[in-house]
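A short reminder: the numbers here are calculations on the coordinates, not readings from a lab. Note that this is a predicted model, so its numbers are computed, not measured. All Cβ positions, glycine included, derive from the backbone under ideal geometry; neighbour counts span all protein chains shown.
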């Protein structure tokens, strides 16, 4: 299993319950074969540039260990989730070398 870092931005117009439901959905996907080492909802922040007419977004940061199949499923679900306006999954090089 490799270490990964996931950051995604949730639309600013969703309620707190929806933010919680979205984060739990992604945690469930990661937990199905992987292990979450850190999960942090960073809160609503200003975007560097406008995305789909949104100036703000709720940032979520997740560090996890998983096989590549879990990452592929996670990215597939992130792409089709309407509440997520941007996401990125990268290999966590620092954690791999530690």
Requested in this report: Scan the stretch 15-26 for residues that are over 21 Å from residue 75 (Cα atoms) and either surrounded by 15 or more Cβ atoms within 10 Å (Cβ to Cβ) or in contact with a helix residue (DSSP H, G or I) (Cβ under 8 Å, 6 or more places away or on another chain) (or both) and report the count.
Outcome: 0
Query raised in the report: Is it true that residue 77 is assigned to a helix (DSSP H, G or I) and touching a helix residue (DSSP H, G or I) at 6+ places or on another chain (Cβ under 7 Å)?
Result: yes
Query raised in the report: Name the residues in the stretch 1-13 that are surrounded by 15 or more Cβ atoms within 10 Å (Cβ to Cβ) and over 20 Å from residue 67 (Cα atoms), would you?
Result: 9, 10, 11, 12
Requested in this report: Answer yes or no: is there a residue in the stretch 27-48 that is out of contact with any strand residue (DSSP E or B) (no Cβ under 9 Å at 6 or more places or on another chain), in a strand (DSSP E or B), without any contact (Cβ under 8 Å) to a residue 40 or more places away in the chain and loosely packed, with under 15 Cβ neighbours inside 10 Å.
Outcome: yes
